[in-house]
Each structure stands twice: as C-alpha cells, then as structure tokens.
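Everything on this sheet refers to the single structure shown next.
The values are calculated or read from the model by the stated rules, or taken from the named source; none is laboratory data. Note that the structure is a prediction, hence the values are computed from the model and not measured. For neighbour counting, all protein chains shown are included, and Cβ atoms are generated from backbone atoms with ideal geometry for every residue, glycine included. For accessibility, only protein heavy atoms count, side chains too; no ligands or nucleic acids. Shrake-Rupley method; radii C 1.70, N 1.55, O 1.52, S 1.80 Å.
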Amino acid sequence: MIELMGLTKHYGDKVAVDGLTFTVRPGIVTGFLGPNGAGKSTTMRMVLGLDNPTAGAVRIYGRHYRQLKDPLRYVGALLDAKAMHGGRSAANHLLCLARSNGIPRTRVDEVLHLVGLTSVARKRSKGFSLGMGQRLGIAAALLGDPRILMFDEPVNGLDPEGIHWIRHLMKNLAAQGRTVFVSSHLMSEMALTAEHLVVIGQGRLLADTSMAEFIRQNSRSYVRLRSPDRERLLDVLHRAGVRAVAGRGGVLEVDGVPAERLGELAAAQQVVLHELSPQQASLEEAFMQLTAGAVEYHAHNGGRPGPGRGMPPRPVVPERALSGGAPPGGWGAGWQRKRS
Amino acid sequence: MAVVGQVLRAEWVKIRSVRSTVWTLGTAVVVTVVLGVVICTLTRKDFDGMPEERRLAFDPTNMSFAGMGLGQLAMIVFGVLVVSNEYGTGMIRTSLAAVPQRGVFLFCKMLVATSLVFAVGLATSFAAFFAGQAALGGHRAHLGDPGVLRAVVGGALYMTMIALFSMAVATMLRSPMLSLGILMPFFFLISNILGNVSATRRIGRYLPDQAGSKIMQVVAPVNDETPYGPWGGFGIMAVWTVAALLVGYLLLDKRDA
C-alpha cells in the first residue's frame, strides 16, 4: 500500500506535482495515467525518496521510504530502463543490488530466468536492446520479492511480444496480492491492464476511480446514420421523438436508441440509408477530454497562454460531446465544477 | 550495523565489475613506477655533473617517486569515475532506491574505493621505491634509513588521499567531464605553478597536493622554509579532503537524485 498525502513538488516557479492525495491498494493493478509532463515520473521518484517533496508526504505501509530496512524487499521499481552502468554485466548489476539489501545470490539467477535473460547474464548491458534493458530493469524490481511494484511507462519501446509479457506479468503480480502501480500516457494500454485508475494532469489529481466505473461513465455508445435525404430523415426521427445530433461530414448521431429501431423507422417512411452503424466513443477520447480540461483550467485561471509545458495541443472536443450540454463522462466536468 | 556490511559488499561488487577500475589503477601503477625508474636512471648518469649543493640535498627516496606527478592523474580519473559512473548512467537512482540512507551509501562507496586505492598505492609505492633505488645504484637509500619507510608508506597515503579528494569533488559536481576538467589541470599545472613561483609559493604550499607530497620527502631541499613537516603537510591535505567530503555529503543528502 502506498499513501500519498498532499504530495507537492515545485521546481522553481514550476509546479510539477500539486497536492496529490490518493492511495494505491494491494491486489490490483493501479494505472497512473496522464499526458507527458503531467508529473507521473516526479511522483514516482518522490515515492522512492529520490526527490524531496516541497510539501506533503508519501507513506509505504505507514513508513517513509528512507525508514525502510532493505527497501528492495518492500518496493521494487522500474523507473528508467537505462538507470544502470552499461559496462557492468546483467548479473553483476543485479548482484550489487542484491548485496546491498541482503538478498541471497541465488535470487539473481532466479529473476534473470524469470525475465528470460539467463543467456545474456554475463554480457554487459551496454549492448542490450531497449526491450532487454527493460527486462533487466524489471528483474531488478522483482529482486527483493517486494509487496509493492512500481513501473514507469514499462511498455515504452517494447515489441508486441514484450508488451504482452509485461501485461501478463503485472496482472499476475497483482493476483498474488501485491500492490502494482504502473504509469502510462496511453489510455488504451491501461484499459487492458489496470483495474483502478488515477489520472493526473499538470500535477493535479483529475480522477481516482475504478476502471469499470471510468468505462461506464465515459464510454458513450450511439448510432451513426447517413442518408442522401438528410432533411427527411431528420424529420422522420423528430416525429418519432428521437433526438439526433449532427456529426462531422453530414452524418447524424443518435444516443440511446437501438440501431434496429432506427432502421425500422427509416424503412417505414422509405428513407434511403447509406449507413446505420452502432458506435462506441473511445476511452482515449474520454481521457483526452479529461486532461484537456486540466490544460484549459491553467490557461484561463493561471493566466498562462496556450497549453502548458510538454502537453499535447488541446484536442478538438467532438461536437457530439457538447450536444447534451455537459460532456457525457462527467469526470472532467465534475472536476471543473469542483475547482471553479 | 548490518546495513553497512551489506552496502560495503555491494560497493565491492560495483567496483570490481567495471573495466575502468582496472585500467585507471593499472595506469597509475605503471606510469608511477616506470617514470620513476627512468628518472632515477637519468639522475644516476648526471649525478657527478650536479652542483655540490644539489648533491648534498639529494633525496634518493623522493627521486623514486618522480613518476607520482603523472601517475596521480590516473588516480584522479579513478576517483572521479568511481562516483560519476553513478551519475553519468542514471545508476544513482537505482543505487539510492536500494540504499536510501545517503550517508551510508557515500561512506561505503568511499571506504571501499579508498581501501582499494590504498592497497594498490602501497604496492605502487614499494615497487617504485625498490625499482628506483636499484636504478640509482650507488646513490641509493635503504628502507631502514631514517624517514625512508615513512616516505614510502607516505607515497601510498598520498595517492589514497588524492583519489579520495577526487571522489569528494566528483560527488559535488556529479559530471565526470566537469570534475576531470577542474582536477586535472589543477593538479598537473596550476598547483605546480603556484607552488614554484616565489610570489605565490606562500599560498601554493597549502594546496592539497603541495602539502601532501611533503610526506614523501626524506631530505629537505636547500633553503627549505616550509612551515610544516611531513605529517603536518599530510594533515593539511587531509583537512582539504575532509572539507570536500563534507560539502559533497551535504549536497548529496539535500538534492534530488
């Protein structure tokens, strides 16, 4: 269990992490999501006591990281796959870490086998591919058989086989009752692995919710209709009491009415349809909307023009999202209401 | 404390598992001994042509350490690399996550590296002495002569302190290029100039290497007005090193890794 209490980090005038309070619980994979530069890595470094918080604190099973005896037995972390001396062999890299925490030498061979690096154990890590470096970093994280595992963007730069392997590994570790805290800037990746989500933008907490709840709130399904006789179709729908919204490229979008019913309505009035397709708004879109809100907040209230550092340009919010007044998800909206 | 024992063993694994350890220390040994022998050989040939006063103040022991000036540069490189290897590679974050007590981390790293340097320094010093004396032939000194054993052990102590001072500076500066860029010209050129120009000699002789090298002298040079003895000089060097270590530790403890 990791508890963050009002964790804040300033670099000069810049606020990298801004009053983060949340708890990472055991037994599940917790996704830590945010755009590049949102403060994910800084937060993780503060958990490990590498960076000193400007305010607030982190507790690991109630204690500060520096108070842990043999910390690798409590927390295993992969922050940066290149955080090792390239001239040292994989086995020696792990051996020096094992020695420092009183972990038996046999464990080095075990974790090397676990990550599939036994054949290159004596090779210097300088020559390793990104994927092999990542595996060695994971071996180091697993070395102390810790109850808490923390991975910063573990799938970055991996091939599909490696990505598949890491997803399984994380799920297995969580299933063993461990706390797994993994960061990513890709919603789609998190949707596949995480059971719980913590979303941050510009260092602020935007959401702390279960994945199922996030999907339920954010994945809107609708039906897309396209007809050469758009006006008549609108008329037909209107008379049937169905509310349609204009989408991009002359299509109509209908919420909450099954495609079958819409097809039957059109057929009854002999309106020609070129498209009748059920759609699902992507989680990626919901995530972008959520974090776009954080950028917007700063632009308006912080007096800072344009998007902040390292943030992608604000995505265009799809028209349909605005049709009902509030965005469908309510996460971004709820957060903004709370703040403003 | 059990933790210290573990971290010492970890640092030993680190230091023996990179190639830079072997080639820097190896270079220090070879350069110091070989250059010492060459200079001793040349001195023996020139000895009879030297002026009377230089012959009287001839210090055969110190002469065999003539290679130290160049050999110490390899020691500086070793000291700098021991610390900056951590920073240059990002290894420091992995290391400090494993050993979050930064004082313990620094102490153990320094202790392991210093012990190794002392062992290598002792071997170098004795090798340079015996080889140098052999090359000097009839003008040689003996280990049993007064002050000679102190000077030979002093050679090892001097090398050790130079390496430790370099580790401390690298801990402050983190970057290997910056550390070497300051230490190398300082010890090879600036300190020598300050120590040999009469106007600056009064200040120059309190610099770490100028003061520390006094421990390798057996016979004082003519008109020597140095206000400290061999151990006094070494003490001055030690004060410099302890001060640098303290600053290095305070910076390491405070800053983000």
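The C-beta contact set for the stretch A:94-117 (first residue over 16 Å from residue B:12 (Cα atoms), second residue open to solvent by 50 Å² or more (accessible area, probe 1.4 Å) and of a type in the set (Asp, Glu), distance under 8 angstrom, 6+ apart or interchain) comprises A:107/A:145. Quick one: which of A:16, A:98, A:91, A:77 is hydrophobic (A, V, I, L, M, F, W, C), assigned to a strand (DSSP E or B) and at pLDDT 95 or above? Testing whether each residue is hydrophobic (A, V, I, L, M, F, W, C), assigned to a strand (DSSP E or B) and at pLDDT 95 or above leaves just A:77. List, please: which pairs have Cβ atoms under 8 Å, are six or more places apart or on different chains, and start with a residue in the stretch B:243-257 that is free of Cβ contacts under 8 Å to residues at least 24 places away in the same chain and end with one that is of a type outside the set (A, V, I, L, M) and surrounded by 13 or more Cβ atoms within 10 Å (Cβ to Cβ)? The qualifying pairs are B:254/A:52; B:256/A:45; B:256/A:51; B:256/A:52. Residue A:58 falls short on exactly one of the conditions (1) among the aliphatic types (A, V, I, L, M); (2) without any contact (Cβ under 8 Å) to a residue 60 or more places away in the chain; (3) at the interface with another protein chain (Cβ under 9 Å from one of its Cβ atoms), and that condition is (3). Among the residues making up the stretch B:4-19, those that are within 7 Å of chain A (Cβ to nearest Cβ) and either at positive phi or open to solvent by 20 Å² or more (accessible area, probe 1.4 Å) (or both) are B:6, B:9, B:19. Look at residue A:167 and say whether it is under 26 Å from residue A:283 (Cβ atoms), open to solvent by 20 Å² or more (accessible area, probe 1.4 Å) and basic (Lys, Arg). Spelling it out, residue A:167 is indeed under 26 Å from residue A:283 (Cβ atoms), open to solvent by 20 Å² or more (accessible area, probe 1.4 Å) and basic (Lys, Arg). Number of residues in the stretch A:107-148 that are open to solvent by 80 Å² or more (accessible area, probe 1.4 Å) and under 21 Å from residue A:178 (Cβ atoms): the value is 5. Of all residues in the stretch A:92-122, those satisfying the criterion of being among the hydrophobic types (A, V, I, L, M, F, W, C) and within 11 Å of another protein chain (Cβ to nearest Cβ) are A:94, A:95, A:96, A:97, A:98, A:103, A:108.
Restricted to the stretch A:223-340, the set of strands (runs of 3 or more DSSP E) holding at least 1 residues that are touching a strand residue (DSSP E or B) at 6+ places or on another chain (Cβ under 6 Å), within 30 Å of residue A:204 (Cβ to Cβ) and at pLDDT below 90 comprises A:275-280. Among what's in the stretch B:67-92 and is under 13 Å from residue A:50 (Cα atoms) and of a type in the set (A, V, I, L, M), pick the residue that is farthest from the other protein chains (Cβ to nearest Cβ). Looking at residues that are under 13 Å from residue A:50 (Cα atoms) and of a type in the set (A, V, I, L, M), I get B:92.
Given the criteria surrounded by fewer than 18 Cβ atoms within 10 Å (Cβ to Cβ), assigned by the TED database to the domain that holds residue A:151 and touching a Ser or Thr at 6+ places or on another chain (Cβ under 8 Å), does residue A:27 qualify? The answer is yes for residue A:27.
On the given criteria, is residue A:175 of a type in the set (Gly, Ala, Ser), out of contact with any strand residue (DSSP E or B) (no Cβ under 8 Å at 6 or more places or on another chain) and open to solvent by 30 Å² or more (accessible area, probe 1.4 Å)? For residue A:175, the condition - of a type in the set (Gly, Ala, Ser), out of contact with any strand residue (DSSP E or B) (no Cβ under 8 Å at 6 or more places or on another chain) and open to solvent by 30 Å² or more (accessible area, probe 1.4 Å) - is met. Looking only at residues of the stretch A:37-46 that are in a loop (DSSP other than H, G, I, E, B) and of a type outside the set (A, V, I, L, M), we find that the one that is nearest to residue A:23 (Cα to Cα) is A:39. Taken over the stretch B:24-53, the residue count meeting the criterion of being assigned to a helix (DSSP H, G or I), surrounded by fewer than 14 Cβ atoms within 10 Å (Cβ to Cβ) and of a type outside the set (Gly, Ala, Ser) is 6. Only one entry in A:142, A:149 is under 17 Å from residue A:97 (Cβ atoms) and in contact with a Phe, Trp or Tyr (Cβ under 9 Å, 6 or more places away or on another chain), namely A:149. Restricting B:41, B:24, B:32 to residues that are modelled with pLDDT under 95 and at negative phi narrows the list to B:41.
In the stretch B:90-208, counting only helices (runs of 4 or more DSSP H) that sit wholly within it, the ones holding 1 or more residues that are of a type in the set (Val, Ile, Thr) and over 22 Å from residue B:20 (Cβ atoms) span B:102-136, B:148-173, B:191-196, B:201-204. Taken across the stretch A:47-58, residues that are modelled with pLDDT of 95 or more, part of a helix (DSSP H, G or I) and buried (at least 16 other Cβ atoms within 10 Å of the Cβ) do occur, with at least one present. One residue stands out among those in the stretch B:20-49 that are touching a Gly at 6+ places or on another chain (Cβ under 6 Å) and not β-branched (Val, Ile, Thr): the one that is farthest from the other protein chains (Cβ to nearest Cβ), which is B:44. With respect to the conditions (1) in contact (Cβ under 8 Å) with a residue 40 or more places away in the chain; (2) over 30 Å from residue A:104 (Cα atoms); (3) among the basic types (Lys, Arg), residue A:216 falls short on a single one, namely (1).
Does residue A:108 satisfy being at pLDDT below 95, on the phi < 0 side of the Ramachandran plot and touching a helix residue (DSSP H, G or I) at 6+ places or on another chain (Cβ under 9 Å)? Against the criterion (at pLDDT below 95, on the phi < 0 side of the Ramachandran plot and touching a helix residue (DSSP H, G or I) at 6+ places or on another chain (Cβ under 9 Å)), residue A:108 does not qualify. So residue B:225 passes all but one of these: (1) closer than 16 Å to residue B:114 by Cβ; (2) surrounded by fewer than 15 Cβ atoms within 10 Å (Cβ to Cβ). Which condition number does it fail? That leaves (1) as the condition not met. For the stretch B:93-108, a residue qualifies if it is surrounded by fewer than 20 Cβ atoms within 10 Å (Cβ to Cβ), more than 9 Å from chain A (Cβ to nearest Cβ) and not aromatic (Phe, Trp, Tyr), and the qualifying residues are B:103, B:104. Of B:97, B:135, all but one fail to be more than 23 Å from residue B:183 (Cα to Cα) and in contact with a strand residue (DSSP E or B) (Cβ under 7 Å, 6 or more places away or on another chain); the exception is B:97. Residues in the stretch A:5-23: is at least one within 12 Å of chain B (Cβ to nearest Cβ), aliphatic (A, V, I, L, M) and either surrounded by fewer than 17 Cβ atoms within 10 Å (Cβ to Cβ) or out of contact with any Ser or Thr (no Cβ under 6 Å at 6 or more places or on another chain) (or both)? For the stretch A:5-23, residues within 12 Å of chain B (Cβ to nearest Cβ), aliphatic (A, V, I, L, M) and either surrounded by fewer than 17 Cβ atoms within 10 Å (Cβ to Cβ) or out of contact with any Ser or Thr (no Cβ under 6 Å at 6 or more places or on another chain) (or both): absent.
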